Amino acid sequence: MSIIISIGSGKGGTGKSTIAANLACVLARSGRRVCLADLDLGGADIHIQFGLFEPPRTLTDFITRRCDSLNEVLQTLDTVHGLQLLVGTGDTLQTANMNYQQKQRLLRGLQTIDCDILILDTGAGANYHVLDFFMAADIQVCITCPEATAILDFYRFLQLATIRKALSSFLSGSEVGTALREHSFETLDQVFTLAEETQPGARLKAREALEFFNPLLIINRVGNNARLNQMKLRTLVAKYLGVNLPDLGEIPEDQSVGRALRSFLPVCEYAPDSPSAQAIAKIGTRLGKVVDLYETKRRAAADNPAESG
């Protein structure tokens with residue numbers, strides 16, 4: 001069973017897809033079987049970064065049932081360490097706005113992809129599709145930039161993700177689940193309050209759902225005059241969302257990234273000695289260690305189901 005890593009940002013323009021593509025390359029270069037899935041519905045373009053302009057099949061073929069399995073849609077990039085690519089969709093209104101049944105079929109299909117690591121580029125924004133793809137992973141990675149607007153959008157994205165996670169801890173047909181789904185929430189505390197009012201003890205259950213939600217943070221486009229006070233951000237997130245935000249690394253502003261994009265190559269392949277490529281390589285190494293740790297814990301849980309329960 002593959003380990004799924006989702007990558008989200010909360011807004012466009014943070015370099016999320018570029019980082020996803022490069023991390024996929026770094027992890028594939030380490031010898032792992034990696035698949036990169038473009039789930040940016042309505043704006044999928046990550047295949048362009050690999051010079052794949054006319055893919056023979058895309059996610060549209062799966063959503064519209066021209067293909068029964070996602071494995072039929074995968075493209076293997078032999079020149080990029082055998083990386084597998086699931087080209088996204090967005091060429092029709094139907095595929096850009098899939099319904100609930102289509103989304104559930106897609107989520108089930110992602111579980112069948114034969115690889116060691118499946119990376120989900122979840123798209124920008126914070127709609128239900130993005131949040132559900134982001135939270136469906138074993139490991140979540142968040143991207144932001146030092147700019148104030150990016151930080152605000154990132155915090156809002158994380159806030160909505162925690163709300164979505166808390167809501168998912170209750171069955172839709174339960175008393176608490178029904179009550180929660182009849183309301184819209186702007187803060188996580190509102191979820192906790194209504195849950196507790198509906199059923200004593202529900203607040204604790206909602207908090208427990210977030211116990212192991214610790215998204216990893218990457219800061220992109222860091223420069224001498226553009227840095228983020230990570231300690232302040234972590235304190236804010238911990239205080240108001242109850243979520244730890246481990247640091248995965250920073251990527252400096254680097255003109256090599258733009259040149260790589262214009263050459264239709266990930267910067268880790270185009271200019272491996274550039275500052276951005278070296279930073280991404282270090283982040284990839286750290287992420288690989290997180291994957292190894294997760295795999296160890298998963299195997300231990302499988303060997304000792306009573307203890308894990």
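Here are the numbers for the structure shown:
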{"read-out": "Residues that are crowded, with 24+ Cβ neighbours inside 10 Å, modelled with pLDDT under 95 and not aliphatic (A, V, I, L, M), drawn from the range 18-62", "value": "D40"}
{"read-out": "Where a residue in the range 70-95 is modelled with pLDDT of 95 or more and among the small types (G, A, S) and its partner, wherever it lies, is surrounded by fewer than 18 Cβ atoms within 10 Å (Cβ to Cβ) and not in a strand (DSSP E or B), with Cβ under 8 Å and at least six apart", "value": "G82/R33"}
{"read-out": "Some residue of the range 254-273 being more than 30 Å from A206 (Cα to Cα), touching a strand residue (DSSP E or B) at 6+ places or on another chain (Cβ under 6 Å), at pLDDT 95 or above and among the polar types (S, T, N, Q)", "value": "no"}
{"read-out": "Selected residue (criterion: nearest to L83 (Cα to Cα)) from residues of the range 261-274 that are without any contact (Cβ under 8 Å) to a residue 24 or more places away in the chain and buried (at least 17 other Cβ atoms within 10 Å of the Cβ)", "value": "Y270"}
{"read-out": "Pick from the range 215-240, criterion of a type outside the set (K, R) and part of a helix (DSSP H, G or I), ranking: nearest to D254 (Cα to Cα)", "value": "Q230"}
{"read-out": "Members of the range 1-28 found to be of a type in the set (D, E, K, R) and in contact with a helix residue (DSSP H, G or I) (Cβ under 8 Å, 6 or more places away or on another chain), listed by number", "value": "K11"}
{"read-out": "Condition met for N224 (free of Cβ contacts under 8 Å to residues at least 12 places away in the same chain, over 27 Å from F53 (Cα atoms) and not charged (D, E, K, R))", "value": "yes"}
{"read-out": "Total residues in the range 26-68, condition of a type in the set (G, A, S) and touching a Lys or Arg at 6+ places or on another chain (Cβ under 8 Å)", "value": "0"}
{"read-out": "Residue ID - surrounded by the most Cβ atoms within 10 Å (Cβ to Cβ), chosen from residues in the range 63-84 that are hydrophobic (A, V, I, L, M, F, W, C), closer than 18 Å to Y270 by Cβ and out of contact with any Pro (no Cβ under 8 Å at 6 or more places or on another chain)", "value": "L83"}
{"read-out": "Test result for I139, under 17 Å from the mean Cα position of the chain (by Cα), of a type in the set (V, I, T) and more than 25 Å from E295 (Cα to Cα)", "value": "no"}
{"read-out": "Residue that is farthest from C142 (Cα to Cα) [pool: residues in the range 204-247 that are surrounded by fewer than 16 Cβ atoms within 10 Å (Cβ to Cβ) and among the aromatic types (F, W, Y)]", "value": "Y240"}
{"read-out": "Where a residue in the range 34-56 is at negative phi and in contact (Cβ under 8 Å) with a residue 12 or more places away in the chain and its partner, wherever it lies, is crowded, with 24+ Cβ neighbours inside 10 Å and among the aromatic types (F, W, Y), with Cβ under 6 Å and at least six apart", "value": "L39/F133"}
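The values are calculated or read from the model by the stated rules, or taken from the named source; none is laboratory data. Bear in mind that the values here come from a model prediction, so they are computed numbers and not experimental data. Note that each Cβ is placed from the backbone with ideal geometry, even for glycine, and that neighbours are counted across all protein chains shown.
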